[in-house]
Amino acid sequence: LHPSLFKVVPEGQPLSLSQLASSAASVLHAREVIDTCLPSTRADASYSFIVFKAHHRISRQIFVDEYTGRVLGSLSAVRFTSIMKALHLIAGGLGCSSIILVFLVLSGLYLWWPRKRIKIGLSGNVQCLSFDLHNTIGLFASLFLFLFAVTGIYMVFGPPSYAITSKPVKQPAFSTPQVGLKPVSLDLVATVAKDTLQGATVLWIAIPHQPGKAYFVKMRFPEDRSDNGSSGVWIDQFSGKVLVVANSRAVPLENRLQTVSRVIHTGAVFGNRGRAFAAFMSLI
């Protein structure tokens, strides 16, 4: 609905992250600070920055053309999509509804089995047509609905993961404050992260605002289908030294299962086509 904010025309090489952050900083309101930098993973998509206001929970997202440095505009981070996602991810609702869905799928298959009805009669009344549609479509949809339910249950009740889910990440490392030194640049942070996890793409960078905090860079390898990435690097804000690495290629089995269950649940395992198919099956 806002192509002027999200779309850009590729023109040469993108400007540095520091230059783009300066452009975003030029339109900050009083007491606002840049909290997160979101580089684009596509040449025709804009960069953006999440900004927070002191003692104010509602953030906004500032969009910048990475080729010209021009500020394209801003949107509140609390949008319809984010609200719906938050409602969908309420642990109690997701877990309970997933358990109910498992029961509905299994009981539906049990009731279908004696007749094994797979046909749609168009000559009967509306009630007969509804019965045929329910049996036929329900049979073919049951496998996917079952996958939705089982993966939903696992995401809620399965083993927690410390840094590879979309849940808030607890910082396991801290920067060493240095008197007289300024934090290293976003460009250096991105370079260090890419060198640490070679082949991975930078999705976003959390910017520290206290001396003891560290930069956190969320990343994703090509085989990782999760939207929010499954890898991350914590970097000392003064020295640029790598403090901790979360590598999706070298995580415990339970963490991998958490990621796999999420990409199956959303259909992301097959890219955008998989997401569209998952949305269609959800409508069914």
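Summary table
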item	result
log10 of Debye I(q)/I(0), alpha-carbon scatterers only, for the range 7-145 at 0.08 Å⁻¹	-0.49
Residues F174 and C96, FRET efficiency given R0 of 41 Å [Cβ-Cβ distance, rounded to 0.05]	0.60
Charge dipole (debye, nearest 20) of the chain; +1 at Cβ of Lys and Arg, -1 at Cβ of Asp and Glu	620 debye
Tilt relative to the chain, helix 126-157 - C-alpha long axis, 0 to 90 degrees, to 10	40 degrees
With Cα atoms, 0 to 90° folded angle of helix 91-112 axis to the chain main axis	30 degrees
Rough spin-label spacing in nm, given labels placed 7 Å along Cα→Cβ, for V244 and T68	4.2 nm
Full-stretch length increase - D35, M84 - with 0.36 nm per residue and alpha-carbon distance subtracted	15.3 nm
Alpha-carbon Debye profile of the chain, log10 I(q)/I(0) at 0.07, 0.14 Å⁻¹	-0.36, -1.10
Where labels lie 7 Å past Cα in the beta-carbon direction, separation of W113 and I58 in nm	5.4 nm
Heavy atoms of L257 accessible to a 1.4 Å probe, total area in Å² rounded to 10	80 Å²
Most mobile of R262, R70, R31 in a GNM of the chain (Cα contacts under 10 Å)	R31
Under 30 Å from the Cα of K241 - lysines, other chains or at least 8 residues apart	K53, K167, K170, K182, K194, K213, K218
Rel. contact order, % - alpha carbon contacts under 8 angstrom, at least six apart, the range 218-257	29 percent
Accessible surface, per residue, of the chain when the full set of protein chains is kept, probe 1.4 Å, Å²	59 Å²
Protein-only accessible surface order, largest first, of W112, W234 at 1.4 Å	W112, W234
In Å², nearest 10: area of E32 left accessible to a 1.4 Å probe	30 Å²
F270-C128 FRET efficiency (beta carbon distance; Förster radius 51 Å; 0.05 resolution)	0.90
Dipole magnitude of the range 1-158 about its Cα centre (Cβ charges: Lys, Arg +1; Asp, Glu -1), debye to nearest 20	520 debye
Mean Cα-pair separation over length for the chain, i.e. relative contact order, pairs under 8 Å, 6 or more apart, %	15 percent
Share of carbon and sulfur in the accessible heavy-atom surface of the chain [1.4 Å probe, %]	64 percent
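The values are calculated or read from the model by the stated rules, or taken from the named source; none is laboratory data. Note that this is a predicted model, so its numbers are computed, not measured. All Cβ positions, glycine included, derive from the backbone under ideal geometry; neighbour counts span all protein chains shown. Ligands, DNA and RNA are stripped out before the accessible areas are found, and what is left, the full protein with its side chains, is counted by its heavy atoms. Shrake-Rupley method; radii C 1.70, N 1.55, O 1.52, S 1.80 Å.
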